[in-house]
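The values are calculated or read from the model by the stated rules, or taken from the named source; none is laboratory data. Note that the structure is a prediction, hence the values are computed from the model and not measured. Positions of Cβ are generated from backbone atoms using ideal geometry, with glycine treated the same way; all protein chains shown enter the neighbour counts. To get the accessible areas, we keep the full protein, side chains included, count just its heavy atoms, and leave off ligands, DNA and RNA. Shrake-Rupley method; radii C 1.70, N 1.55, O 1.52, S 1.80 Å.
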2 protein chains.
Amino acid sequence: MSKLSPVQQKFILHWGEMGTKWGINRTVAQIHALLFMSPKPLHADDIVETLGVARSNVSTSLKELQGWGIVRRVHVMGDQRDHFESMKDVWEMFRVVLDERKKREIDPTLAVLRECIVEAEKDKETDEYTEQRLRELAAFFETTTAWYGQIRTWPTSALTKFVKLGDKIRKVLGLGGG
Amino acid sequence: MSKLSPVQQKFILHWGEMGTKWGINRTVAQIHALLFMSPKPLHADDIVETLGVARSNVSTSLKELQGWGIVRRVHVMGDQRDHFESMKDVWEMFRVVLDERKKREIDPTLAVLRECIVEAEKDKETDEYTEQRLRELAAFFETTTAWYGQIRTWPTSALTKFVKLGDKIRKVLGLGGG
DNA sequence: CTTAAATTTCTGTCTAAACAGAAATTAACG
DNA sequence: CGTTAATTTCTGTTTAGACAGAAATTTAAG
(Lines give C-alpha, C1' and ligand atoms only; values in the text may rest on other atoms or scores of the structure.)
Protein backbone atom coordinates (compact mmCIF):
# COMPACT_ATOMS: atom_id res chain seq x y z
CA MET A 1 0.00 0.00 0.00
CA SER A 2 2.38 2.63 -1.13
CA LYS A 3 1.67 2.80 -4.82
CA LEU A 4 -0.66 5.46 -6.07
CA SER A 5 -2.28 5.41 -9.47
CA PRO A 6 -1.95 8.55 -11.58
CA VAL A 7 -5.62 9.25 -10.93
CA GLN A 8 -5.16 9.03 -7.20
CA GLN A 9 -2.12 11.25 -7.39
CA LYS A 10 -4.00 13.80 -9.41
CA PHE A 11 -6.88 13.95 -6.99
CA ILE A 12 -4.68 14.03 -3.90
CA LEU A 13 -2.62 16.89 -5.29
CA HIS A 14 -5.71 18.83 -6.25
CA TRP A 15 -7.47 18.25 -2.95
CA GLY A 16 -4.37 19.42 -1.10
CA GLU A 17 -4.28 22.58 -3.19
CA MET A 18 -7.95 23.25 -2.52
CA GLY A 19 -7.36 22.75 1.19
CA THR A 20 -4.94 25.67 1.24
CA LYS A 21 -7.57 27.92 -0.33
CA TRP A 22 -9.81 27.17 2.63
CA GLY A 23 -7.20 27.69 5.29
CA ILE A 24 -6.27 24.03 5.65
CA ASN A 25 -2.69 22.81 5.53
CA ARG A 26 -1.87 21.07 2.27
CA THR A 27 -0.49 17.90 3.82
CA VAL A 28 -3.52 17.59 6.10
CA ALA A 29 -5.81 17.79 3.09
CA GLN A 30 -3.69 15.33 1.13
CA ILE A 31 -3.79 12.80 3.94
CA HIS A 32 -7.52 13.21 4.05
CA ALA A 33 -7.80 12.58 0.33
CA LEU A 34 -5.68 9.46 0.64
CA LEU A 35 -7.82 8.07 3.46
CA PHE A 36 -11.00 9.01 1.60
CA MET A 37 -9.96 6.89 -1.35
CA SER A 38 -8.67 3.99 0.66
CA PRO A 39 -10.93 0.93 0.87
CA LYS A 40 -9.25 -0.06 4.12
CA PRO A 41 -8.04 1.88 7.14
CA LEU A 42 -4.40 2.91 6.82
CA HIS A 43 -1.76 3.10 9.47
CA ALA A 44 0.56 6.07 9.82
CA ASP A 45 3.55 4.37 8.22
CA ASP A 46 1.44 3.58 5.14
CA ILE A 47 0.76 7.28 4.83
CA VAL A 48 4.43 8.11 5.39
CA GLU A 49 5.47 5.81 2.58
CA THR A 50 2.72 6.78 0.20
CA LEU A 51 2.92 10.53 0.49
CA GLY A 52 6.57 10.73 1.44
CA VAL A 53 6.22 12.92 4.51
CA ALA A 54 7.74 12.65 7.98
CA ARG A 55 6.13 10.37 10.53
CA SER A 56 5.73 13.17 13.04
CA ASN A 57 4.02 15.34 10.45
CA VAL A 58 1.59 12.52 9.71
CA SER A 59 0.89 12.19 13.42
CA THR A 60 0.15 15.89 13.78
CA SER A 61 -1.98 15.99 10.66
CA LEU A 62 -4.04 12.99 11.69
CA LYS A 63 -4.64 14.67 15.00
CA GLU A 64 -5.98 17.68 13.18
CA LEU A 65 -8.24 15.61 10.93
CA GLN A 66 -9.61 13.87 13.99
CA GLY A 67 -10.18 17.30 15.49
CA TRP A 68 -12.31 18.16 12.48
CA GLY A 69 -14.21 14.95 13.07
CA ILE A 70 -13.77 13.54 9.58
CA VAL A 71 -11.15 10.93 10.38
CA ARG A 72 -11.25 8.41 13.17
CA ARG A 73 -8.82 5.99 14.72
CA VAL A 74 -9.61 2.31 14.45
CA HIS A 75 -7.79 -0.83 15.38
CA VAL A 76 -7.13 -3.79 13.17
CA MET A 77 -7.02 -7.36 14.36
CA GLY A 78 -3.49 -8.56 14.77
CA ASP A 79 -1.84 -5.19 14.40
CA GLN A 80 -1.04 -3.09 17.39
CA ARG A 81 -0.72 0.06 15.35
CA ASP A 82 -3.44 2.66 15.10
CA HIS A 83 -5.23 2.67 11.79
CA PHE A 84 -7.20 5.58 10.44
CA GLU A 85 -10.18 5.88 8.20
CA SER A 86 -12.01 8.79 6.67
CA MET A 87 -15.73 9.33 6.77
CA LYS A 88 -17.18 7.89 3.63
CA ASP A 89 -20.56 9.50 3.27
CA VAL A 90 -19.94 12.76 1.45
CA TRP A 91 -23.04 14.60 2.59
CA GLU A 92 -22.38 13.63 6.18
CA MET A 93 -18.75 14.64 5.87
CA PHE A 94 -19.58 18.10 4.60
CA ARG A 95 -22.10 18.52 7.36
CA VAL A 96 -19.45 17.65 9.96
CA VAL A 97 -17.07 20.16 8.43
CA LEU A 98 -19.76 22.84 8.35
CA ASP A 99 -20.59 22.17 11.97
CA GLU A 100 -16.97 22.55 12.92
CA ARG A 101 -16.61 25.71 10.88
CA LYS A 102 -19.65 27.14 12.63
CA LYS A 103 -18.19 26.28 15.99
CA ARG A 104 -14.69 27.56 15.28
CA GLU A 105 -15.39 30.65 13.20
CA ILE A 106 -18.98 31.64 12.83
CA ASP A 107 -20.12 31.38 16.42
CA PRO A 108 -17.09 33.32 17.69
CA THR A 109 -17.67 35.92 14.98
CA LEU A 110 -21.25 36.31 16.10
CA ALA A 111 -20.08 36.64 19.67
CA VAL A 112 -17.60 39.37 18.72
CA LEU A 113 -20.23 41.16 16.67
CA ARG A 114 -22.66 41.13 19.57
CA GLU A 115 -20.02 42.44 21.96
CA CYS A 116 -19.08 45.15 19.49
CA ILE A 117 -22.70 46.20 19.13
CA VAL A 118 -23.18 46.44 22.88
CA GLU A 119 -19.99 48.45 23.20
CA ALA A 120 -20.89 50.68 20.28
CA GLU A 121 -24.20 51.57 21.90
CA LYS A 122 -22.44 52.79 25.04
CA ASP A 123 -19.51 54.36 23.32
CA LYS A 124 -19.91 57.74 21.66
CA GLU A 125 -16.61 57.31 19.90
CA THR A 126 -17.97 54.74 17.49
CA ASP A 127 -20.06 56.31 14.82
CA GLU A 128 -23.61 55.32 14.07
CA TYR A 129 -22.62 53.96 10.70
CA THR A 130 -20.25 51.39 12.11
CA GLU A 131 -22.95 50.24 14.46
CA GLN A 132 -25.42 49.79 11.64
CA ARG A 133 -22.87 47.85 9.64
CA LEU A 134 -22.18 45.53 12.53
CA ARG A 135 -25.89 45.02 13.10
CA GLU A 136 -26.47 44.10 9.51
CA LEU A 137 -23.60 41.64 9.50
CA ALA A 138 -24.79 40.10 12.76
CA ALA A 139 -28.30 39.76 11.35
CA PHE A 140 -26.92 37.96 8.33
CA PHE A 141 -25.04 35.43 10.41
CA GLU A 142 -27.95 34.98 12.81
CA THR A 143 -30.35 34.31 9.98
CA THR A 144 -28.11 31.92 8.13
CA THR A 145 -26.99 29.99 11.18
CA ALA A 146 -30.57 29.64 12.40
CA TRP A 147 -31.47 28.24 9.02
CA TYR A 148 -28.55 25.86 9.03
CA GLY A 149 -29.40 24.78 12.55
CA GLN A 150 -32.73 23.55 11.34
CA ILE A 151 -31.73 21.77 8.19
CA ARG A 152 -28.53 20.20 9.42
CA THR A 153 -30.41 17.32 10.94
CA TRP A 154 -32.29 16.43 7.81
CA PRO A 155 -31.47 13.02 6.39
CA THR A 156 -29.55 13.14 3.16
CA SER A 157 -32.55 11.81 1.25
CA ALA A 158 -34.70 14.76 2.34
CA LEU A 159 -31.85 17.17 1.70
CA THR A 160 -31.20 15.98 -1.84
CA LYS A 161 -34.90 16.07 -2.67
CA PHE A 162 -35.05 19.60 -1.34
CA VAL A 163 -31.95 20.69 -3.21
CA LYS A 164 -33.17 19.16 -6.45
CA LEU A 165 -36.30 21.25 -6.30
CA GLY A 166 -34.14 24.31 -6.67
CA ASP A 167 -36.02 27.24 -8.12
CA LYS A 168 -39.36 25.49 -8.09
CA ILE A 169 -39.52 26.03 -4.36
CA ARG A 170 -40.06 29.69 -4.89
CA LYS A 171 -43.32 29.20 -6.69
CA VAL A 172 -44.56 26.47 -4.39
CA LEU A 173 -43.96 28.62 -1.34
CA GLY A 174 -45.14 31.83 -2.93
CA LEU A 175 -41.99 33.62 -1.95
CA GLY A 176 -42.34 36.10 -4.73
CA GLY A 177 -39.77 38.69 -5.50
CA GLY A 178 -38.95 39.95 -9.09
CA MET B 1 -9.53 59.41 9.21
CA SER B 2 -6.88 57.47 11.00
CA LYS B 3 -8.40 57.00 14.37
CA LEU B 4 -10.16 53.77 15.10
CA SER B 5 -12.52 53.26 18.00
CA PRO B 6 -11.92 50.25 20.22
CA VAL B 7 -14.98 48.61 18.70
CA GLN B 8 -13.66 49.07 15.20
CA GLN B 9 -10.27 47.75 16.23
CA LYS B 10 -11.86 44.72 17.78
CA PHE B 11 -13.88 43.89 14.72
CA ILE B 12 -11.02 44.50 12.29
CA LEU B 13 -8.69 42.24 14.25
CA HIS B 14 -11.29 39.52 14.48
CA TRP B 15 -12.23 39.72 10.82
CA GLY B 16 -8.58 39.49 9.86
CA GLU B 17 -8.19 36.40 12.00
CA MET B 18 -11.25 34.80 10.46
CA GLY B 19 -9.90 35.55 7.02
CA THR B 20 -6.85 33.39 7.65
CA LYS B 21 -9.09 30.47 8.60
CA TRP B 22 -10.62 30.70 5.14
CA GLY B 23 -7.39 30.98 3.24
CA ILE B 24 -7.41 34.78 3.00
CA ASN B 25 -4.42 36.89 4.01
CA ARG B 26 -4.97 38.67 7.30
CA THR B 27 -4.15 42.15 6.03
CA VAL B 28 -6.45 41.73 3.05
CA ALA B 29 -9.29 40.82 5.38
CA GLN B 30 -8.49 43.69 7.72
CA ILE B 31 -8.55 46.20 4.88
CA HIS B 32 -11.87 44.81 3.86
CA ALA B 33 -13.26 45.21 7.36
CA LEU B 34 -12.03 48.79 7.49
CA LEU B 35 -13.68 49.64 4.18
CA PHE B 36 -16.84 47.83 5.19
CA MET B 37 -17.20 50.05 8.23
CA SER B 38 -16.28 53.27 6.51
CA PRO B 39 -19.16 55.61 5.62
CA LYS B 40 -17.04 57.12 2.85
CA PRO B 41 -14.58 55.69 0.33
CA LEU B 42 -11.01 55.68 1.59
CA HIS B 43 -7.81 56.27 -0.28
CA ALA B 44 -4.79 54.03 0.08
CA ASP B 45 -2.89 56.41 2.33
CA ASP B 46 -5.84 56.51 4.74
CA ILE B 47 -5.55 52.76 5.01
CA VAL B 48 -1.77 52.96 5.42
CA GLU B 49 -2.15 55.38 8.34
CA THR B 50 -5.05 53.62 9.96
CA LEU B 51 -3.80 50.07 9.87
CA GLY B 52 -0.10 50.86 9.89
CA VAL B 53 0.94 48.77 6.91
CA ALA B 54 3.16 49.53 3.94
CA ARG B 55 1.70 51.42 0.99
CA SER B 56 2.72 48.67 -1.43
CA ASN B 57 1.04 46.05 0.70
CA VAL B 58 -2.15 48.09 0.69
CA SER B 59 -1.94 48.34 -3.09
CA THR B 60 -1.56 44.60 -3.48
CA SER B 61 -4.32 43.85 -1.01
CA LEU B 62 -6.76 46.22 -2.65
CA LYS B 63 -6.03 44.54 -5.93
CA GLU B 64 -6.93 41.21 -4.39
CA LEU B 65 -10.15 42.53 -2.88
CA GLN B 66 -11.11 43.95 -6.26
CA GLY B 67 -10.35 40.53 -7.73
CA TRP B 68 -12.88 39.06 -5.33
CA GLY B 69 -15.35 41.64 -6.50
CA ILE B 70 -16.22 43.00 -3.06
CA VAL B 71 -14.25 46.24 -3.27
CA ARG B 72 -14.31 48.74 -6.06
CA ARG B 73 -12.32 51.77 -7.04
CA VAL B 74 -14.10 55.11 -7.13
CA HIS B 75 -13.00 58.65 -7.68
CA VAL B 76 -13.72 61.59 -5.47
CA MET B 77 -14.26 65.12 -6.70
CA GLY B 78 -11.18 67.25 -6.22
CA ASP B 79 -8.85 64.40 -5.35
CA GLN B 80 -6.77 62.68 -7.97
CA ARG B 81 -6.17 59.66 -5.82
CA ASP B 82 -8.08 56.41 -6.16
CA HIS B 83 -10.58 55.82 -3.44
CA PHE B 84 -11.99 52.44 -2.51
CA GLU B 85 -15.25 51.29 -1.08
CA SER B 86 -16.57 47.95 0.02
CA MET B 87 -19.85 46.43 -0.98
CA LYS B 88 -22.40 47.34 1.62
CA ASP B 89 -25.19 44.85 1.19
CA VAL B 90 -24.21 41.82 3.21
CA TRP B 91 -26.30 39.25 1.38
CA GLU B 92 -25.04 40.47 -1.95
CA MET B 93 -21.46 40.45 -0.69
CA PHE B 94 -21.63 36.88 0.45
CA ARG B 95 -23.17 35.90 -2.83
CA VAL B 96 -20.29 37.53 -4.71
CA VAL B 97 -17.78 35.70 -2.56
CA LEU B 98 -19.59 32.39 -3.06
CA ASP B 99 -19.64 32.93 -6.79
CA GLU B 100 -15.92 33.58 -6.77
CA ARG B 101 -15.25 30.54 -4.60
CA LYS B 102 -17.26 28.44 -7.00
CA LYS B 103 -15.27 29.77 -9.93
CA ARG B 104 -11.88 29.45 -8.30
CA GLU B 105 -12.22 26.22 -6.37
CA ILE B 106 -15.40 24.31 -6.87
CA ASP B 107 -15.62 24.37 -10.64
CA PRO B 108 -11.96 23.37 -11.04
CA THR B 109 -12.49 20.61 -8.47
CA LEU B 110 -15.43 19.30 -10.45
CA ALA B 111 -13.34 19.44 -13.60
CA VAL B 112 -10.56 17.43 -11.95
CA LEU B 113 -13.03 14.93 -10.57
CA ARG B 114 -14.55 14.40 -13.98
CA GLU B 115 -11.15 13.94 -15.58
CA CYS B 116 -10.18 11.50 -12.86
CA ILE B 117 -13.36 9.50 -13.37
CA VAL B 118 -12.78 9.28 -17.12
CA GLU B 119 -9.19 8.22 -16.55
CA ALA B 120 -10.17 5.73 -13.86
CA GLU B 121 -12.59 4.04 -16.24
CA LYS B 122 -9.83 3.46 -18.77
CA ASP B 123 -7.12 2.68 -16.32
CA LYS B 124 -6.98 -0.76 -14.73
CA GLU B 125 -4.46 0.48 -12.19
CA THR B 126 -7.02 2.51 -10.32
CA ASP B 127 -9.25 0.34 -8.19
CA GLU B 128 -12.99 0.32 -8.43
CA TYR B 129 -13.30 1.76 -4.96
CA THR B 130 -11.43 4.91 -5.82
CA GLU B 131 -13.65 5.40 -8.82
CA GLN B 132 -16.79 5.07 -6.71
CA ARG B 133 -15.43 7.56 -4.21
CA LEU B 134 -14.72 10.05 -6.92
CA ARG B 135 -18.16 9.58 -8.42
CA GLU B 136 -19.83 10.18 -5.13
CA LEU B 137 -17.84 13.33 -4.49
CA ALA B 138 -18.54 14.59 -8.00
CA ALA B 139 -22.25 13.94 -7.52
CA PHE B 140 -22.21 15.94 -4.32
CA PHE B 141 -20.62 18.95 -5.96
CA GLU B 142 -22.84 18.69 -9.01
CA THR B 143 -25.97 18.59 -6.90
CA THR B 144 -25.00 21.43 -4.62
CA THR B 145 -23.70 23.70 -7.38
CA ALA B 146 -26.82 23.10 -9.48
CA TRP B 147 -28.89 24.10 -6.45
CA TYR B 148 -26.79 27.17 -5.83
CA GLY B 149 -27.00 28.09 -9.50
CA GLN B 150 -30.74 28.37 -9.16
CA ILE B 151 -31.07 30.23 -5.93
CA ARG B 152 -28.18 32.63 -6.35
CA THR B 153 -30.35 34.95 -8.43
CA TRP B 154 -33.14 35.20 -5.90
CA PRO B 155 -33.64 38.65 -4.45
CA THR B 156 -32.65 38.95 -0.84
CA SER B 157 -36.25 39.35 0.21
CA ALA B 158 -37.18 35.97 -1.26
CA LEU B 159 -34.05 34.40 0.14
CA THR B 160 -34.64 35.57 3.69
CA LYS B 161 -38.27 34.49 3.59
CA PHE B 162 -37.12 31.10 2.39
CA VAL B 163 -34.43 30.81 5.01
CA LYS B 164 -36.78 31.84 7.79
CA LEU B 165 -39.09 29.00 6.92
CA GLY B 166 -36.33 26.61 7.89
CA ASP B 167 -37.66 23.25 8.95
CA LYS B 168 -41.26 24.03 8.06
CA ILE B 169 -40.32 23.59 4.43
CA ARG B 170 -39.98 19.90 4.94
CA LYS B 171 -43.59 19.45 5.86
CA VAL B 172 -44.90 21.81 3.21
CA LEU B 173 -43.00 20.00 0.50
CA GLY B 174 -43.62 16.54 1.86
CA LEU B 175 -39.95 15.69 1.76
CA GLY B 176 -40.32 13.09 4.46
CA GLY B 177 -37.40 11.18 5.85
CA GLY B 178 -36.63 10.48 9.56
C1' DC C 1 5.49 68.89 -22.71
C1' DT C 2 7.36 68.78 -18.07
C1' DT C 3 6.82 67.88 -13.45
C1' DA C 4 4.82 66.04 -9.57
C1' DA C 5 1.68 62.88 -7.66
C1' DA C 6 0.05 58.39 -7.42
C1' DT C 7 0.29 53.62 -8.16
C1' DT C 8 2.32 49.33 -9.24
C1' DT C 9 6.03 46.15 -9.60
C1' DC C 10 10.16 44.31 -8.03
C1' DT C 11 13.31 42.67 -4.68
C1' DG C 12 15.19 41.59 -0.50
C1' DT C 13 13.80 40.74 4.37
C1' DC C 14 10.82 38.95 7.77
C1' DT C 15 7.56 35.88 9.81
C1' DA C 16 4.64 32.26 10.89
C1' DA C 17 3.56 27.90 9.63
C1' DA C 18 5.10 23.61 7.84
C1' DC C 19 8.30 20.23 8.18
C1' DA C 20 11.80 16.62 9.60
C1' DG C 21 14.35 14.34 12.94
C1' DA C 22 15.48 13.56 17.82
C1' DA C 23 13.83 12.83 22.32
C1' DA C 24 10.24 11.71 25.42
C1' DT C 25 6.18 9.27 26.43
C1' DT C 26 2.80 5.69 25.98
C1' DA C 27 1.15 1.18 24.73
C1' DA C 28 1.65 -3.66 23.61
C1' DC C 29 3.77 -8.01 24.07
C1' DG C 30 6.10 -11.97 26.07
C1' DC D 1 8.10 -6.53 34.90
C1' DG D 2 11.31 -5.53 31.17
C1' DT D 3 11.70 -4.82 26.43
C1' DT D 4 10.20 -3.34 22.17
C1' DA D 5 7.01 -1.07 19.28
C1' DA D 6 4.36 2.84 18.42
C1' DT D 7 3.08 7.48 19.04
C1' DT D 8 3.53 12.11 20.49
C1' DT D 9 6.02 16.13 21.71
C1' DC D 10 9.75 19.04 21.22
C1' DT D 11 13.11 21.63 18.75
C1' DG D 12 15.69 23.38 15.17
C1' DT D 13 15.41 24.05 10.09
C1' DT D 14 13.03 25.07 5.96
C1' DT D 15 9.66 27.12 3.18
C1' DA D 16 6.23 29.87 1.25
C1' DG D 17 3.77 33.74 1.77
C1' DA D 18 3.55 38.27 3.85
C1' DC D 19 5.66 42.43 4.18
C1' DA D 20 8.34 46.86 3.61
C1' DG D 21 10.98 49.85 0.95
C1' DA D 22 13.10 51.09 -3.47
C1' DA D 23 12.59 51.48 -8.27
C1' DA D 24 9.77 51.68 -12.24
C1' DT D 25 5.63 52.93 -14.38
C1' DT D 26 1.44 55.37 -14.94
C1' DT D 27 -1.56 59.24 -14.31
C1' DA D 28 -2.89 63.93 -13.41
C1' DA D 29 -2.06 68.73 -13.37
C1' DG D 30 -0.26 73.04 -14.96
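Just a few scattered comments:
- Rg/Rh for the protein assembly as shown (Cα atoms only, Rh after Kirkwood) is 1.01.
- Area buried, chain B against chain A - accessible surface, total, 1.4 angstrom probe, square angstrom: 6500
- Residue by residue, region B:87-96 carries 3J(HN,Hα) couplings of 4, 9, 6, 5, 4, 4, 4, 5, 5, 4 Hz when phi is fed to the Karplus relation 6.51 cos²θ - 1.76 cosθ + 1.60 (θ = phi - 60°); x denotes Gly or Pro.
- Chain B, relative contact order [Cα under 8 Å, separation at least 6], %: 14
- For the B-to-A rotation axis, chain B residue with nearest beta carbon and its distance in angstrom: B:G23, 2
- Stretching A:E85 away from A:A139 to a fully extended chain increases their span by 15.6 nm, per 0.36 nm per residue minus the current alpha-carbon distance.
- Its Cα gyration tensor gives region B:90-155 an equivalent ellipsoid, and the semi-axes of that ellipsoid, as √(5λ) in whole Å with the largest first, are 31, 11, 7.
- Convex hull volume of the Cα atoms of region B:1-135, normalised per residue: 144 Å³.
- Å² per residue, accessible surface of chain B at 1.4 Å: 49
- Once the Cα-Cα distance is subtracted from the 0.36 nm per residue extended length, the B:V97 to B:V163 segment shows a gain of 21.9 nm.
- Carbon plus sulfur fraction of accessible area for the protein assembly as shown, probe 1.4 Å, in percent: 54
- 0 to 90° range, to nearest 10: angle between helix A:107-122 axis and chain A longest Cα axis: 30
- With Cα atoms, 0 to 90° folded angle of helix A:128-151 axis to chain A main axis: 50
- With the label put 7 angstrom out from Cα along the Cα-to-Cβ vector, A:E128 ends up 7.0 nm from the copy partners, going from closest to farthest.
- Three-way shape call for region A:1-62 based on the alpha-carbon gyration tensor, with the a/c threshold at 1.5: oblate
- Between region B:15-67 and region A:142-178, the alpha-carbon center distance in angstrom: 34
- Ascending list, in nanometres, of distances separating the A:N57 label from those of the other copies (7 Å, Cα toward Cβ): 2.7
- Between helix B:6-21 and chain B: long-axis angle, C-alpha atoms, 0 to 90°, nearest 10: 30
- For A:V48, solvent-accessible area (1.4 Å; no DNA, RNA or ligand), Å²: 30
- What separates the A:D45 label point from its copies, with the point 7 Å along Cα to Cβ, is 6.5 nm, written shortest first.
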